[in-house]
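Working notes for the structure below.
The values are calculated or read from the model by the stated rules, or taken from the named source; none is laboratory data. The structure presented is a predicted model; accordingly, all values stated were derived computationally and were not measured. Please note: Cβ atoms are built from the backbone with ideal geometry, for glycine as well, and neighbour counts cover all protein chains shown. These area figures cover heavy atoms from the full protein model, side chains too; ligands, DNA and RNA do not enter into them. Shrake-Rupley method; radii C 1.70, N 1.55, O 1.52, S 1.80 Å.
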Amino acid sequence: MMWPAKIESAELPEHGRIAVISDIHGNLPYLRALLDKLALTEEDTLVFCGDMVEKGPQSLDTLRFIMDLSKKRRVLAVQGNCDCWQEEIYRPQGYSDGYLKRYLASNGAGWGPGLLAQMCAEIGFPLTPEPDIAAMRPALAAAFAPELEFIDSLPHVLVTEHYVFAHGGLPEGDPSGWDGWDCMKNDNFMRQGRKFSRWVIVGHWPVVLYGGDITCANPIVDGESHIISIDGGCVLKDDGQLNALVIPFNGSEDFGCVSYDPFPVRRVRSAQAASEHSAYIRWGDNVVEVLERGEEFSRCRHVRTGYELDILTKYLRAGPDGTVRCNDCTDYVLPLSPGDEVGVVETTSRGFLCKHNGVSGWYFGELEDEA
C-alpha cells in the first residue's frame, strides 16, 4: 500500500445545483470560461473531482484559483493522481528521490513544467540535470505551505447521501483497506463490471476511450452501474473539452452537462450523411504504418486492425520504440443538416475537422462565416 485512502463524508445542501468538474490539468483559461458558462449562484456547489494540475501550462495558478474559490463559495474536492505532490514533499518513500529527478528531468513527462517545477521557478530554486531533492523539499514546503496543505487536506473519496466522488474510482473490498493511489488512478473504471447503490462520479479516464469507432467527449451516465465518467480530455486531446456534470439539486438523477472548448463555432451550409464505416484511433492503440506520407495528410494503416485512413501529418510522431504513433484521430463523417452549429478544430484543404454536440468528425461542405 502506498498510503491509506482518506475517505470523508459530506452533506450537500437541499437547494442549489451541484457542478462537478474533473481533469482541468492546469488549463486555467478553460476553467474560467467554463465557470462563466455555468453562471453559478450562491446556492450552488462546486465539486472538483481531481487532476486539477499537471500537463497544462498553469498548474500553480490553477491550484491557487481553486483555493481562492473555496474561500468565496461552497467548494468540495478530491485528490487526483496528478495532484498529490504533497506526498513527495511531506512523506517521501524509498523511490521518491529517483522519481522526482526523472520527472523533473523529463520536463513534466513531455507536457512541460508541472506543479513542482513551477514552484521551483517562482522561488528561483535551480533545476539542474541533477537537482538537489533533499534541499528542494524544505524549500518548497516553506514557500508553498498553503498550496501543499490544501492538497493534503483533500480526501481521496468523498461520500454524500446520494453521490460518491473519486478521481479514478473505488477499489474492491473493505474501504478500510483501500489504497489512496487506487482511488486516484483506477484505469478503465466503467468496464470493471462494478455496480453501486449510490452514483459514483469519476474523472481520470477520458470518456473518449470508452467509445467505439465514434468519439464523443461528453460525460457518460451508466444508469445500470450507477457510474458517471466525466473527463472530457481537456489538455490531453486536440479536440478535448472541459466538462461540468450538472446535478439540478441534491438527490436528482436528471444529470446535465455544460462544456467548454475554445473552437470557433460556425454553421454548416449543406447536409451530409454519416459515414458507413469509420475508425477512431486513440491513445494506447495508436501505432500506425505510414503508407504514403504527404505534406498535409498521410495515408496510414492502423497496425492492430489493418484499417487504412488518411491522418493529418502533423498528428504523426515517432514512438520511443521506433514505431510511428498518432494523436487521437478519426475519419468519421458527421451527419449534419444546414444550420447545424459545429466547433471547428482543424481547417484543411479537404474540409473541416469539427465537433457537433461533443462528437468529433469531418465536414466537407461550406461553413457560414459566423455562427
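Things to note:
- Index of the failed condition, residue 300 passing every other in (1) among the hydrophobic types (A, V, I, L, M, F, W, C); (2) in contact with a Lys or Arg (Cβ under 8 Å, 6 or more places away or on another chain); (3) part of a strand (DSSP E or B): (2)
- Residue 344 meets the stated requirement of being open to solvent by less than 30 Å² (accessible area, probe 1.4 Å) and outside any loop (DSSP other than H, G, I, E, B).
- Among (1) among the charged types (D, E, K, R); (2) modelled with pLDDT under 95; (3) open to solvent by less than 30 Å² (accessible area, probe 1.4 Å), the one test that residue 179 misses: (2)
- Which numbered condition residue 349 misses (of (1) small (Gly, Ala, Ser); (2) touching a strand residue (DSSP E or B) at 6+ places or on another chain (Cβ under 8 Å); (3) farther than 21 Å from residue 233 by Cα): (2)
- Among the residues of region 179-224, those identified as of a type in the set (D, E, K, R) and under 15 Å from residue 23 (Cβ atoms) are 185, 187.
Each row is one residue, and each column tells you yes or no for (1) at pLDDT below 95; (2) touching a His at 6+ places or on another chain (Cβ under 8 Å).
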{"site": "146", "(1), (2)": "no, no"}
{"site": "154", "(1), (2)": "no, no"}
{"site": "185", "(1), (2)": "no, yes"}
{"site": "189", "(1), (2)": "no, yes"}
{"site": "203", "(1), (2)": "no, yes"}
{"site": "212", "(1), (2)": "yes, no"}
{"site": "219", "(1), (2)": "no, no"}
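- Restricting region 20-56 to residues that are outside any loop (DSSP other than H, G, I, E, B) and within 17 Å of residue 207 (Cβ to Cβ), the residue that is nearest to the chain's Cα centre (by Cα): 21
- Positions within region 308-334 being surrounded by fewer than 18 Cβ atoms within 10 Å (Cβ to Cβ) and over 23 Å from residue 349 (Cβ atoms), in sequence order: 318, 319, 320, 321, 322, 323
- Every condition in (1) in a strand (DSSP E or B); (2) under 30 Å from residue 160 (Cβ atoms); (3) without any contact (Cβ under 8 Å) to a residue 60 or more places away in the chain; (4) not β-branched (Val, Ile, Thr) holds for residue 325 except the one numbered (2).
- If you go through region 252-285 and keep only what is of a type in the set (A, V, I, L, M) and either under 17 Å from the mean Cα position of the chain (by Cα) or in a loop (DSSP other than H, G, I, E, B) (or both), you end up with 258, 271, 273, 274, 279.
- Matching residues, region 44-79, being open to solvent by 10 Å² or more (accessible area, probe 1.4 Å) and among the polar types (S, T, N, Q): 58, 70
- Of residues in region 80-98 being in a loop (DSSP other than H, G, I, E, B) and among the polar types (S, T, N, Q), the one least open to solvent (accessible area, probe 1.4 Å): 81
- Matching residues, region 347-366, being in a loop (DSSP other than H, G, I, E, B), open to solvent by 30 Å² or more (accessible area, probe 1.4 Å) and either closer than 15 Å to residue 266 by Cα or of a type in the set (Ser, Thr, Tyr) (or both): 349, 357, 364, 366
- Given (1) surrounded by fewer than 21 Cβ atoms within 10 Å (Cβ to Cβ); (2) over 18 Å from residue 63 (Cα atoms); (3) touching a Lys or Arg at 6+ places or on another chain (Cβ under 8 Å), index of the condition residue 155 fails: (2)
- Matching residues, region 282-292, being closer than 13 Å to residue 318 by Cβ and either loosely packed, with under 13 Cβ neighbours inside 10 Å or touching a residue at least 40 places away in the same chain (Cβ under 8 Å) (or both): 286
- Among the strands (runs of 3 or more DSSP E) confined to region 185-239, the ones with at least 3 residues that are open to solvent by 10 Å² or more (accessible area, probe 1.4 Å) are located at 220-222.
- Subset of region 138-168 (residues that are more than 15 Å from residue 53 (Cβ to Cβ), more than 20 Å from the chain's Cα centre (by Cα) and not in a helix (DSSP H, G or I)): 159, 160, 161, 162, 163
- Qualifying positions in region 318-327 - modelled with pLDDT of 95 or more and closer than 16 Å to residue 110 by Cβ: 325, 326, 327
- Every condition in (1) among the basic types (Lys, Arg); (2) surrounded by fewer than 18 Cβ atoms within 10 Å (Cβ to Cβ); (3) closer than 28 Å to residue 29 by Cβ is met by residue 299 except one, and the failing one is (3).
- Among (1) surrounded by fewer than 21 Cβ atoms within 10 Å (Cβ to Cβ); (2) under 13 Å from the mean Cα position of the chain (by Cα); (3) farther than 28 Å from residue 344 by Cβ - the single one residue 249 does not satisfy: (2)
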